[in-house]
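Written out below as structure tokens is the structure these notes cover.
The values are calculated or read from the model by the stated rules, or taken from the named source; none is laboratory data. Everything quoted here is computed from the prediction, not taken from an experiment. As a convention, Cβ positions derive from the backbone with ideal geometry for all residues, glycine included, and neighbour counts pool all protein chains shown.
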Ligand code: EPU
């Protein structure tokens, strides 16, 4: 699909089931390269980033067997290449996990710099610092990162910035190193715990994942031969929670871990939205009058940067002035101009967006510049009067499984069409 067409406003009603977490699956699949046997992974999301990762891992010699739409058997036993330098590596951020995984397996790796959403400088110095501390030599040549080590030895590593990617990459490289590795100031996101749980189920010895100190005692072999289920995607869950609130709808979001949603749930409640938590689902229903709130993005358990863009769409219709401060990425504000085209009143000042609530948004032709900007525009399209056209859908497909179908299941009027096609011929997506 090239473009999305959304006719709003429409109240969303019903139930939606959240898929497996993109950012967990992007770590778990490369982690399987460290195994000496097959493994089974359930709840893998069907999204573009995973399809590309599979293609890269297949080119290295990994065999995948699709058990069903979301369950994969992964056989890394014949992987013989440690070189991942195809164009595919540039297409998403998670390709950086092949550094840690291949280094851990072969003691060497040659990989291309990762791509992913463009929100300013996204350095990987903390990943490199970690690999070097474990004994690897790191050279950067012609856009490739070359890693090599005669052996990897456990070390104490203090991260200068809390980094999800560096925490996971060091875990991957350290899991079969000699001795104990300690990561201090580690990231605590739920998907870090999920990746550690996967590795532990396969025979690793990782303690403290989910806290800011992770200890990894190196093991000789990761035997594999176990089954792991990827945790639900907290950002996808949050996107549907916000969409329910934005359309004054009533939606039961299923397959969630409510604890992972606490920072968002608290903000929605502060805005006068009803949020009811059950064991593995959350019901959200919207009210007519929304209160303003301030948001500051922080590493987990703080408010996630990935939710900042979708929540901004909701704040455009809250009464009063809200301030959203982005502390993780300097340029994660590309959705702002597009929302302004739809009638939002947002001013960007440095790292903050100052949002003054308006009565309603109106449909416009807008473009998603990155994945969560796309989610923000979909939410705005659901709220706005008229028919919104959203381009840049390839970004959205990177991280949301069947988003159009899931939204139409909730009653949204949403269709797809190809660039250059008459929008009157928009059809069901999928
Ligand atoms: N940073 C450094 N040096 C490093 C690594 C990071 O300075 O070596 C900085 C970054 O520039 C940023 C901060 O540290 O300012 C945090 O970056 P982090 O490494 O945590 O982010 P990431 O690993 O590149 C992952 C997710 C992002 C998510 C962030 C923050 C994946 C594949 N990506 O990125 O997800 O926003 O953590 O939670 O896991 C998304 O799903 O839309 C997405 C962008």
Number of the exception - residue 213 against (1) crowded, with 17+ Cβ neighbours inside 10 Å; (2) touching a residue at least 24 places away in the same chain (Cβ under 8 Å): (1)
Which residues, counting only those in segment 267-290, are more than 21 Å from the chain's Cα centre (by Cα) and over 20 Å from residue 17 (Cα atoms)? 269, 270, 271, 272, 273, 287, 288, 289, 290
In segment 283-308, how many are closer than 27 Å to residue 328 by Cα and in contact (Cβ under 8 Å) with a residue 40 or more places away in the chain? 10
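Report, by residue number, each residue of segment 216-236 that is under 23 Å from residue 180 (Cβ atoms) and modelled with pLDDT under 95.
223, 224
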Failed item in (1) farther than 30 Å from residue 14 by Cα; (2) within 16 Å of the ligand (Cβ to nearest atom); (3) not in a loop (DSSP other than H, G, I, E, B), with residue 307 passing the rest: (1)
Being within 14 Å of residue 82 (Cβ to Cβ) and within 13 Å of the ligand (Cβ to nearest atom) narrows 124, 128, 157, 145 down to just 145
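Looking at 20, 116, 94, 27, which one is closer than 21 Å to residue 233 by Cα, within 15 Å of the ligand (Cβ to nearest atom) and free of Cβ contacts under 8 Å to residues at least 40 places away in the same chain?
Details: 20 fails: free of Cβ contacts under 8 Å to residues at least 40 places away in the same chain; 94 fails: free of Cβ contacts under 8 Å to residues at least 40 places away in the same chain; 27 fails: free of Cβ contacts under 8 Å to residues at least 40 places away in the same chain.
Selected residue: 116, the only one of 20, 116, 94, 27 that is closer than 21 Å to residue 233 by Cα, within 15 Å of the ligand (Cβ to nearest atom) and free of Cβ contacts under 8 Å to residues at least 40 places away in the same chain.
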Which numbered condition in (1) without any contact (Cβ under 8 Å) to a residue 60 or more places away in the chain; (2) in contact with a strand residue (DSSP E or B) (Cβ under 8 Å, 6 or more places away or on another chain) is the only one that residue 311 fails? (1)
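When you go through 42, 87, 58, 15 one by one, which is the residue that is at pLDDT below 95 and more than 16 Å from the ligand (Cβ to nearest atom)?
87 is the lone residue from the list that is at pLDDT below 95 and more than 16 Å from the ligand (Cβ to nearest atom).
So that you can scan it fast, the table gives a plain yes or no per residue for (1) free of Cβ contacts under 8 Å to residues at least 40 places away in the same chain; (2) within 24 Å of the chain's Cα centre (by Cα):
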{"residue": "330", "(1), (2)": "no, yes"}
{"residue": "339", "(1), (2)": "no, yes"}
{"residue": "348", "(1), (2)": "yes, no"}
{"residue": "358", "(1), (2)": "no, no"}
{"residue": "361", "(1), (2)": "no, no"}
{"residue": "385", "(1), (2)": "no, no"}
Qualifying residues in segment 177-196 (those that are crowded, with 20+ Cβ neighbours inside 10 Å and over 16 Å from the mean Cα position of the chain (by Cα)) - the one nearest to the ligand (Cβ to nearest atom): 186
Would segment 284-297 turn up any residue that is out of contact with any helix residue (DSSP H, G or I) (no Cβ under 6 Å at 6 or more places or on another chain), within 15 Å of the ligand (Cβ to nearest atom), outside any helix (DSSP H, G or I) and at pLDDT 95 or above? yes
Residue 102 buried (at least 21 other Cβ atoms within 10 Å of the Cβ), within 18 Å of residue 199 (Cα to Cα) and away from the ligand (no atom under 16 Å from the Cβ): yes
Name the one entry in 355, 379 that is surrounded by 24 or more Cβ atoms within 10 Å (Cβ to Cβ) and away from the ligand (no atom under 16 Å from the Cβ). 355
I'd like to check something: does segment 65-84 contain any residue that is crowded, with 22+ Cβ neighbours inside 10 Å and within 16 Å of the ligand (Cβ to nearest atom)? yes
Of all residues in segment 160-175 being in a loop (DSSP other than H, G, I, E, B) and within 13 Å of residue 124 (Cβ to Cβ), which is farthest from the ligand (Cβ to nearest atom)? 160
Exactly one of 204, 226 is within 30 Å of residue 305 (Cβ to Cβ) and either surrounded by fewer than 20 Cβ atoms within 10 Å (Cβ to Cβ) or under 25 Å from the mean Cα position of the chain (by Cα) (or both), and that residue is 204
